[in-house]
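Report on the following structure.
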Amino acid sequence: MILLAFCSSKIIAQQSQPNVLVFYVDDLRAELGCYGSKTAMTPNIDKLASEGVQFNKAYVQQAICAPSRMSTLTGLRPETLGIYSIFTPLRSVHKDVVSVPQLFKENGYKTVSIGKVYHHGTDDKKQWTNYFSKEPNTYNKPENIALLEQFKREGKKSNGPAFENADVADEAYKDGRAAKYAVESLQKLKDDKFIMFVGFSKPHLPFNAPKKYWDLYDKNKFEIPERKKPENMYRLALTNWGELKGYHGIPNDVEYLDDNLTRDLIHGYHASISYVDAQVGKVMEALEALDLRKNTTVIFMSDHGYKIGEYGAWCKHSNEEIDVRVPLIVSRETSYKGRVAGKTSDALVENVDIFPTLVELCGLEGPKTDGKSILQVIDRPNTPWDQVATAVYARGKNIMGCTATDGEWRYTEWRDAKTQDILGAELYEHKNSLLSFKNLSGNSKYKKVEVRMKGLLETQFPRNQGPFLQNDTPRN
């Protein structure tokens, strides 16, 4: 009887397995209307938040594309995989690690990858039943096209301009095409069981978006961020934002960008967010029109945060709160009787939790991961949850930055990657802001806080663990 009951419950679970649609956005911090932004116009994402649970304290495991996305898609942290750079594809090192598309394909799901899902498109390409590759950046203004052709003739290695606002249709840029492929895929798969990742590249550089999204904003109304760097910060805590300096028109020899260029870039970042928001709306509209929403869980997430001039810096590539905290919205299928909508959660959750969450949601048996399912938090947003969320950022092969947050304080140790000796420490308060301008590590007034945060950090990064795993050399 016990065996029969077990088999029956398993059959019922399989029959009620939902579809999954994941919007995976690049370089998007919590700069959204639903997160309280005073500037970003994101009505479609805000609507999705009103239909699900918005996580206010969601964190990535490393603030850079490739390792972060590998971590999401395998449920394994960068320090477990040993990959910390954008240059090493997952499968060049780990042949046997089970991934999201692999597991779901083996369990009868149609697996769909559109746009930028993995950083390296070659990773798990055969595990996607429908695969639309990540496209290169598109420029539409004649003068920018001519500039790129000139660079090519001259053999000059340079990206194009850092932003563009051509008066074109959405599909003239790649995220508009990604939305089109997603809608077409939903139409074809409406009678199948599927998991679909829609990878939108914006607001990643270059900030190229149709003019109508730029026109939503007045450049002159954007405030210039506080450029002051945190007092007593570790010397390698921030970067020289070389990623942005690789674009045409960005000076290489300045400490700070001038106000005019700063506002242009902030304008472009916001236009790109609104552009992505419109594409989310198109896909969600198709989901509703095809009557798929009743059996489709929708997740909206980002691979890491981003700086748009804060601390005088740009891009990601750090352990700062603004780089590792991300938006995360989960809206369960509308047919689910216990569905929660329009709620927020302050539970500490991590992108590494997404894989085990999907496994439980869909009634599968998954591999061992470093994360844990947050399904019960999605169903009960006030559920007490983890005490800590952690991340890493390597500075070359010899220095590792390890960071931990309890949701209010962030403690970071910069360690010798081989000996675990502490080279520097930082303690920042983030009770009311993504930014903090004073390193309180070593301040006697905050000694108890630092001791407690140090203990939380060492639950993930014990000093006696030996050298950090290093797999950042691709293997054929």
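FYI, it's all coordinate maths here, none of it is from the lab. This is a predicted model, so every value here is computed, not measured. Cβ coordinates were reconstructed from backbone atoms using ideal geometry, including for glycine residues, and neighbour counts include every protein chain displayed.
Per the Kirkwood definition applied to all pairs of different Cα atoms, how many angstroms is the hydrodynamic radius of region 108-200?
Details: mean 1/r = 0.0659 Å⁻¹.
It works out to 15.2 Å.
Calculated on the alpha-carbon coordinates, the convex hull of region 220-345 measures out at 153 cubic angstrom per residue. Shape annotation for region 17-69: C-alpha extents along the principal axes are 35, 30, 17 Å, from largest to smallest.
How far, in nm, would the chain grow between Thr122 and Arg463 when pulled straight, counting 0.36 nm per residue and subtracting the alpha carbon separation?
Details: separation 341, 0.36 × 341 = 122.76 nm, distance 3.56 nm.
Extra length available between Thr122 and Arg463 comes to 119.2 nm.
Electrostatic bookkeeping for Ser201 treats Lys and Arg as +1 and Asp and Glu as -1; over the other residues with beta carbon under 13 Å from its beta carbon, the sum is +1. With the simple spin-label model, which puts each label point 7 Å out from Cα in the Cβ direction, the Glu149 to Asp167 separation comes to 2.2 nm.
So which GluC sites (Glu not before Pro) in region 197-289 end up in coil per DSSP with only 16 or fewer other C-beta atoms within 10 Å?
Details: sites: Glu223, Glu226, Glu231, Glu243, Glu255, Glu285, Glu288; in loops: Glu223, Glu226, Glu255.
Of the GluC sites (Glu not before Pro), the ones in loops of region 197-289 whose Cβ has at most 16 other Cβ atoms within 10 Å are Glu223, Glu226, Glu255.
Size check on region 218-284: the Cα extents along the three principal axes, sorted descending, read 46, 25, 24 Å. Within the straight-line cut-off of under 22 Å between alpha carbons, the lysines reachable from Lys438 are Lys57, Lys228, Lys229, Lys307, Lys316, Lys447, Lys448, Lys454, sequence neighbours fewer than 8 places apart in one chain being disregarded. Sites listed here are trypsin sites (Lys or Arg not before Pro) in region 210-269 whose DSSP assignment is loop and whose Cβ has at most 14 other Cβ atoms within 10 Å: Arg227, Lys228, Arg235.
Over 28 Å, how big is the tail of the calculated P(r) for region 329-476, in percent of all Cα pairs? Intermediate results must be reported in sequence, preceding the final value.
Numbers: 3709 of 10878 pairs.
Tail fraction, whole percent: 34.
Note on region 259-331 and region 189-226: Cα centroid distance 6 Å, given to the nearest whole angstrom.
Pairs exceeding a 19 Å alpha-carbon distance, out of Lys141/Lys221; Lys134/Lys156; Lys174/Lys282; Lys152/Lys180: Lys141/Lys221; Lys134/Lys156; Lys152/Lys180.
Note down the relative contact order for the chain as a percent, whole number, built from C-alpha pairs under 8 angstrom at least six residues apart.
25
Excluding Tyr118 itself, what net charge comes from residues whose Cβ is under 9 Å from its Cβ, given Lys and Arg +1 and Asp and Glu -1?
Values: positive: Arg69, Lys116, Lys125, Lys134; negative: Asp123, Asp124.
For residues surrounding Tyr118, the net value is +2.
Computed from label points 7 Å out along Cα-Cβ, the spacing between Lys212 and Asn295 is 3.4 nm. Dimensions of the chain from C-alpha coordinates, computed as largest minus smallest value along each principal axis and given longest first, are 71, 57, 47 Å. Computed from the C-beta positions of Thr334 and Asp96, the FRET efficiency with R₀ = 41 Å rounds to 0.65. In terms of overall dimensions, region 355-430 has a Cα radius of gyration and Dmax of 16.5, 45 angstrom.
Return the percentage of antiparallel bridges among DSSP beta bridges fully within the chain, rounded to the nearest 5 %. The antiparallel proportion sits near 50 percent.
What FRET efficiency comes out for the pair Lys47/Thr419, r = Cβ-Cβ distance, R0 = 45 Å, nearest 0.05? Walk me through the intermediate numbers first.
Working: r = 51 Å, r/R0 = 1.13.
Once rounded, the FRET efficiency stands at 0.30.
Based on DSSP H assignment, which helices of the chain show an axial Cα extent of at least 15 Å together with a mean Kyte-Doolittle hydropathy greater than or equal to -1.0? Kindly include the intermediate steps, with their values, before the conclusion.
Working: long enough: 2-15 (20 Å, 1.25); 142-154 (18 Å, -0.83); 174-189 (22 Å, -0.75); 259-289 (45 Å, -0.09); 447-460 (21 Å, -0.71).
Taking the DSSP H segments of the chain (at least 15 Å long, mean hydropathy at least -1.0), we get 2-15, 142-154, 174-189, 259-289, 447-460.
May I ask for the Kirkwood hydrodynamic radius of region 257-407, worked out over all distinct Cα pairs and given in angstroms to one decimal? Walk me through the numbers before you get to the answer.
Numbers: mean 1/r = 0.0551 Å⁻¹.
Result for region 257-407, one decimal place: 18.1 Å.
Given bins 10 angstrom wide, list per bin the percent of all Cα-Cα distances in region 121-171, short to long. It works out to 19, 36, 26, 19, 0, in whole percents.
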